Every structure is written in C-alpha cells, then in structure tokens.
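Structure incoming, see below.
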Amino acid sequence: LLTLVLAFGILTGCAKNEFKGGTFTGEEKGFSSTIKVEVTISNDKTIEAINIVESAESADIGEVALPIMIEKVLGSQSVDVDAVSTATITSDAFLVAVTKAIESSGLKVSDLKAKEAGAVEKKEETLDADVVIIGAGGAGMTAAITAASEGKSVIIIEKAPIVGGNTSRATGGMNAAETKYQETAGIEDSVELFVEDTMKGGYEKNNKELVQTMAEQSASAIEFLDSIGAHLSDVGKAGGASTNRSHRPVDAEGKILSVGSYLVPIFEQAAKDNNVTFYMETEATEIMMNEGAAVGVKASSANTDYTINAKAVILATGGFGGNLEMVESYKPELKGYVTTNASTITGDGIKMAEAVGANLVDMAEIQIHPTVVQSNGALITESLRGDGAILVNNEGKRFTNEVLTRDVVSANIIAEEGSAAWLIVDQQMFDDSNVIQGYVNKGYMIQGDTIADLAKAMEVDEATLQETIDNWVGMVKAGEDTDFGRDDLATVKYDLSKAPYYAVKIAPGVHHTMGGVEINTNTEVINKNGEVIPGLYAAGEVTGGVHGGNRLGGNAVADIIVFGRIAGQNAATYVSK
Ligand code: FAD
Ligand code: MEZ
C-alpha cells in the first residue's frame, strides 16, 4: 500500500541545456521512508546518472516511484540536456530495483554506479541465539514469532533493506478451509475438498502428506493471524478452487486490500514485540554444520562478517523466481519472460541447503501467472477474475473460463494473437477495491466512460466488445456461462454492468517456483539419503513438494503461515532437548 506524494521540481541554477531531476517522498503503510533523488537525463533520453540524495529504505518504493518521477520528467519537460554526473547509490538492492524500474519504463541506463565499498574495513562479530532464521518474509517472521513466543532467543537475518520479500507482494488472498469466516458467509468447504483441489491443481505431483498438513492446519493459521491482529475476514474465489476459500483483508469501509502488504507490518510488529532481533541488509552465505547437524549461519553485511551460533537453523529465503538465470537453467522455455518476484528472491536458501547435503525436489516446476503487466512485471491479481473480471483477446472477445488454474489460463492467453489479452473490470469493482484503485493510480489500467470508449482506447472493435460485455452481464444474471462453462456465475460478486470500465493489457510472467528443499511434515530438511538433517528446518517457497506441478492461487500464503508455525514450534522443541 503505497501512497506517493510527488513533490517534483526542477532544480534551479542549472546551466542551459542541463537538466537535473527533483525530489519526491514516498510513504508506505506501517512504516515510512523518504527517498530524494536527482536524475540526469541526456538528450537521447538516456538516464546518465541517478543520485540518491537520501538513502532509500525500500526497494519497492523505488520500483514504483521512480518510473512515476521519470514519467513526470519526460512528460513535463522537453529533454534537451547533455549533462553527466556520477551516480551514488547507497544500497545495492536499491540499485538493482532502480535499474529494473528505469529499464522497464523503456529508458536506457548508461551510468549507474554502486558506491565504492573500498574504504570500509569489515569487522568480525560472533552472535549466539537459540534459533537463527534466514529470511524475513512471511514464513521467516511467522517462524520467528512462534519460536520466540516459546521463550527462545531468535535472530532473523534479512538481506534486503526492508522485511517482507515476496510476501509483501501477495495480493489475492490466503486459502483456508473450515474457517469461522467461511461459516459466517455460509460457505461450505472441507479439509478433504481443499486437499483434493490442491492435488488436482498440482497434477497429483504434490507430496500429499504436506498438502494434508497445510489443509488441516489452515483454519488454525487463520486463528493465529487473528491472535496477532491480522483479520482475513472476506472470502473470495481463486482459480482451481471448488469453492470460496481465499481469505483477504478489508479496510474500515469494506474495501478489499492486498493480503501481503497488510500482513507484513503486522508480522514485523509481532516479531519485535516477542523480542526477535532483526539483522537487516545482512546476507546469509553458509549454513554451519557440526557432526552432521546445523549449528548456525555465516552472514555478511556491508561492514560486518557474522558468525551466528545457534542450536537450530530455519531456512525461509523464498524461492528463485527473481533469478531469471536460475529459472532458465531449470526451465529453458521460460527464457525471456518477465517476473512478478522481488529482485532478492534468488534461490540462496536452496543453494545453501544443497551445499550441506539437502535433497531438492521438483526444481523444474516453475509457474507462470497469466495476468502480468509486461513493462515491469506487476501482477494483476487473480482475485479480480474470481470476483467477476473477464479476459478478452485483441478482438474484444472472451476466449477462456477465467477461473481455471493459472497454468491453463496462461496457456490460453499464449494461444491468442500476440500472446496477450485484456482484463476488464467495471466501476463497481473499482469502487470496492483499493487494489484496483492502486492499479489505476499506477497507470496500469486505461479507462473508458462507456464500453465504446474503452474499446477505442484498447483499439478493439467497439461492437464486438459491446456484445461480449452485454453477453457476460446476461450470463451472470442467468447464473450460467454458456460460452466457457465457468461454474461460479450464480455466486460471482460483480456482473460488470456499471460504467465506466477499466482495462489492463496483460500476458503471463514467471511467478512461483514450486520446487525446492525437501522437507517432512515437521519441516525438517531431508538429505539425499532420505534422512533428517538435525537442527535444519525450512518453510515457505524455499521448500518443494507442497504444490506439485502447479500451485493454486492463495495456497502459498497458506503454506508459509502453516509451515512457518510448524518450523518455529519444532525448532523451539529441538533446542529444548
Ligand atoms: P519471501 O516472502 O519471498 O521472503 C524471503 C525473504 O528471504 C526475502 O525477504 C529475501 O530478501 C530473504 N532472503 C533471501 N535470501 C537471503 C539470504 N541469503 N540472506 C538473508 N535473507 C535472504 N501467494 C498466495 O498464496 N496468495 C497471493 O495472493 C499471492 N500473491 C502473490 C503476488 C506476487 C506479486 C508474488 C510475487 C507472489 C504472490 N504469492 C501469493 C506467492 C507468495 O507471496 C510467496 O510464495 C510467499 O510469500 C513466499 O513467502 P516466503 O516467506 O517463503 O518468502
Ligand atoms: O497465489 C497467488 O499467487 C495469487 C492469488 C496471486 C494473485 O493473483 O493475487
């Protein structure tokens, strides 16, 4: 949830033909930070230099804010400049995000330099904890809260400048069955049905015991979230689910919120309240072993090399969807795809675990998500389709059941002309969703006062789009999708009958890495001989097996909370022995 206040201004005193950027501030719910940036742009619209005047706290803020600022620059100024200055970027993670943001906005980057680290002499420091956790995403922080609330001393190491990882990006919701929120809404569901849907969605390649554990403990995971002040009270539909089980937060006015940016500040606060110690911008490089058991972690920050002695280690580093080289090495056909992932999600935990003998499973099972903005990898949440948004092709016609599993919807989009499609929502959906309002504010969606206006903006045939939407409204009213057999039209939340309309052009992008470190239902890491590696636990996207050949939307947040709790609990028990 990012609200940006742009305070943009051309710096005065520049020589003629020289342009320098301006400053802006960003504010994010739960914490705030300020970034001040000077940008130098040459007359061929190459960014010659970026000077971060004040250090950025958040790579994500940079990813969103910088393109907006650059757009303002290029939109409000004829850029006939020829100035070069040296860039000073204070954080490598931020540099990566900024570079990605600039490139995705269609500009060239010619001279970005990371601050020279040369002069800093590194210290060495030894730390001790009962449990050390690598990665402050959803799985890591859930494990931390759980182990710390058992009275254990917990250190969590995070290589990014902010907590949250991919969890901060999670949008649509968290799957859970037999919850009090489903009961209140009169939704019938069961653990068995949740298991069945997940196994079917994963082509039965999933580790069924892990799936059973996730489904059985999903309702208590929702209770756990309630206990720390996170209430996922609205229940929507995700692709491949037989019923509504995607739990999501709403604001005081009942508007739907993104699940991840809602949860992460609550996790962070709960962890701090339980005396968990965070080491930020600190990268774990090695799991320390003694006589076959994990006994700590080596890690490094800009000025310190750490040896962290611990009685148990929990890996929670996420997957490798932000490392497109690694993605390509396991699945060459994904070369050239954009990614929805944060740039820090690079498979480090998988590599560290493999180095100490862990078995890896399902590494080639990598998911593409159907609805991704191609200029920057921004995900357009599947929950919009679950709520009633439709997909149309370049002719303005529907071509798929929108709530099939995401691998199938992706394949159906790829089969269309241009391998892309449009997702359409109406004013009612816009009014009820902070998420959609965010997409419009970020410039992802175009608007039309009427269907004809929207068709013009999309450059599709007006009569065809009109017919598609009229037909859809009629089918929702009748409760039956006679075109593509979508089976939820009797209960779908919105019918697309209220103008104005909004559309976003999308195509598939790399989204989730289903493979990773093998674990058992206690989250203990398994070695290549099928034995437990004592003291080593893993939870979340770093693991493999839960999602098999295709993850269902909403199942990753269930995975990280359920297995994060199990990892925290079992690590605490192990260190007490
Ligand atoms: P992450 O949250 O990715 O956290 C891993 C952390 O480890 C990161 O902070 C990273 O910086 C850190 N780290 C990595 N390597 C190191 C190292 N060497 N040293 C120190 N720290 C390290 N799933 C759903 O169920 N529902 C959704 O609605 C949903 N929406 C999504 C939307 C987007 C755009 C994306 C990308 C994913 C979405 N997912 C969703 C998937 C889900 O968000 C992730 O699978 C899940 O959050 C992963 O959580 P995690 O804790 O395992 O890892
Ligand atoms: O589980 C997911 O990845 C998910 C629901 C994403 C989304 O479309 O919101």
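Which pairs, out of K351/K528; K205/K397; K335/K442; K397/K477, put more than 23 Å between their alpha-carbon atoms?
Numbers: K351/K528 14 Å; K205/K397 34 Å; K335/K442 27 Å; K397/K477 19 Å.
Check vs 23 Å cut-off fails for K205/K397; K335/K442.
Net charge around R398, counting only other residues with Cβ within less than 13 Å of its Cβ (Lys, Arg = +1; Asp, Glu = -1)? Intermediate values should be presented prior to the final figure.
On the way: positive: R385, K397, R486; negative: E395, E402, E416, E467, D470, D481, D483.
Taking every other residue near R398 into account, the sum is -4.
How much accessible surface does S220 have with a 1.4 Å probe, in Å² rounded to 10?
The accessible area comes out at roughly 50 Å².
At 0.36 nm per residue, and after removing the present C-alpha to C-alpha distance, how many nm does the segment from N275 to D470 gain when stretched out fully?
Numbers: separation 195, 0.36 × 195 = 70.20 nm, distance 5.66 nm.
That works out to 64.5 nm of additional length.
State the percentage of accessible surface on region 153-203 attributable to carbon and sulfur atoms; use a 1.4 Å probe and exclude ligands, DNA and RNA.
Numbers: 990 of 1970 Å².
Of the solvent-accessible surface of region 153-203, carbon and sulfur hold 50 percent.
In debye to the nearest 20, how big a dipole does region 155-281 give about its Cα centre with +1 on each Lys and Arg Cβ and -1 on each Asp and Glu Cβ? Before the final figure, lay out the partial values.
On the way: 11 positive and 19 negative charges, 89 e Å.
That gives region 155-281 a dipole magnitude of about 420 debye.
Apply the Karplus curve 6.51 cos²θ - 1.76 cosθ + 1.60, θ = phi - 60°, to the phi angles in region 219-226 and return the couplings in whole Hz, x for Gly and Pro.
Coupling constants for region 219-226: 5, 6, 5, 5, 5, 4, 4, 4 Hz.
Go through region 114-221 and name the GluC sites (Glu not before Pro) that are in a DSSP coil and have 13 or fewer other Cβ atoms within 10 Å of their Cβ. Mind dumping the intermediate values first?
Working: sites: E116, E121, E124, E125, E150, E158, E178, E183, E188, E192, E196, E204, E209, E216; in loops: E116, E121, E150, E158, E178, E188, E204.
Of the GluC sites (Glu not before Pro), the ones in loops of region 114-221 whose Cβ has at most 13 other Cβ atoms within 10 Å are E116, E121, E188, E204.
Let me ask you something else. With only alpha-carbon atoms in the gyration tensor, what are the semi-axes of the equivalent ellipsoid for region 265-363, in Å, largest first?
Here the semi-axes work out to 27, 19, 13 Å.
Counting only heavy atoms of the protein chains, get the accessible area per residue of region 451-557 (1.4 Å probe) and round it to a whole Å² value.
Values: 3830 Å² over 107 residues.
Roughly 36 Å² per residue, with all protein chains present.
How big is the gap, in Å, between the Cα center of region 153-197 and the Cα center of region 479-543?
11
Roughly to the nearest percent, how much of the accessible area of region 371-476 is carbon and sulfur, given a 1.4 Å probe? List each step's numbers first, then the result.
Working: 1720 of 3720 Å².
Accessible surface attributable to carbon and sulfur in region 371-476 totals 46 percent.
List the chymotrypsin sites (Phe, Trp or Tyr not before Pro) within region 177-263 that fall in a DSSP loop (any state other than H, G, I, E or B) and whose Cβ has at most 13 other Cβ atoms within 10 Å. Please report the intermediate quantities before stating the final value.
Details: sites: Y181, F194, Y203, F224, Y262; in loops: Y203.
Counting only loop positions with at most 13 other Cβ atoms within 10 Å, the chymotrypsin sites (Phe, Trp or Tyr not before Pro) in region 177-263 are Y203.
With Cβ to Cβ distances under 15 Å as the rule, what net charge do the other residues near A490 carry (K, R +1; D, E -1)? Working shown, then result.
Working: positive: K237, K477, R486, K493; negative: E188, D387, E480, D481, D487, D488, D495.
Taking every other residue near A490 into account, the sum is -3.
Please list F267, F399 from largest to smallest accessible area, probe radius 1.4 Å, with all protein chains kept in place. Walk me through the numbers before you get to the answer.
Working: F267 0, F399 25 Å².
From most accessible down to least: F399, F267.
Per residue, how much accessible area does region 369-415 have with a 1.4 Å probe, in Å²? Walk me through the intermediate numbers first.
Details: 1140 Å² over 47 residues.
Accessible area per residue, region 369-415: 24 Å².
Starting at the first residue of region 156-163, write each ³J(HN,Hα) from the Karplus equation 6.51 cos²θ - 1.76 cosθ + 1.60 with θ = phi - 60°, in whole Hz, x for Gly and Pro.
Whole-Hz 3J(HN,Hα) from phi for region 156-163: 10, 10, 9, 7, 7, x, 10, 7.
Something else: Let's see if you can work this out: charge +1 on each Lys and Arg Cβ, -1 on each Asp and Glu Cβ, no other charges. What is the dipole magnitude of region 498-564 about its Cα centre, in debye to the nearest 20?
Details: 4 positive and 5 negative charges, 100 e Å.
I would put it at about 480 debye.
Continuing with the same structure: Over region 417-527, what is the relative contact order in percent, taking alpha-carbon pairs closer than 8 angstrom and at least six residues apart? Intermediate results must be reported in sequence, preceding the final value.
Working: 133 pairs, mean separation 41.0, N = 111.
37 percent.
With a cut-off of at most 15 other beta carbons within 10 Å, and DSSP calling the residue loop, which trypsin sites (Lys or Arg not before Pro) in region 276-338 qualify? Please list them.
Details: sites: K298, K311, K335; in loops: K335.
In loop regions of region 276-338 (DSSP not H, G, I, E or B), the sparsely surrounded trypsin sites (Lys or Arg not before Pro) are K335.
Treating only the Cβ of Lys, Arg, Asp and Glu as charged (+1, +1, -1, -1), what charge dipole size does region 339-393 show about its Cα centre? Round to the nearest 20 debye. Mind dumping the intermediate values first?
Details: 2 positive and 6 negative charges, 29 e Å.
Taking the Cα centre of region 339-393 as origin, the dipole is about 140 debye.
Now a separate question. Between region 232-300 and region 361-378, how many Å separate their Cα centres?
20
The values are calculated or read from the model by the stated rules, or taken from the named source; none is laboratory data. Keep in mind that what you see is a predicted model, and the values were worked out from it rather than measured. Ideal geometry is used to build each Cβ from the backbone, glycine not excepted, and the neighbour counts take in all protein chains shown. Surface accessibility is based on the protein's heavy atoms, side chains included, excluding ligands, DNA and RNA. Shrake-Rupley method; radii C 1.70, N 1.55, O 1.52, S 1.80 Å.
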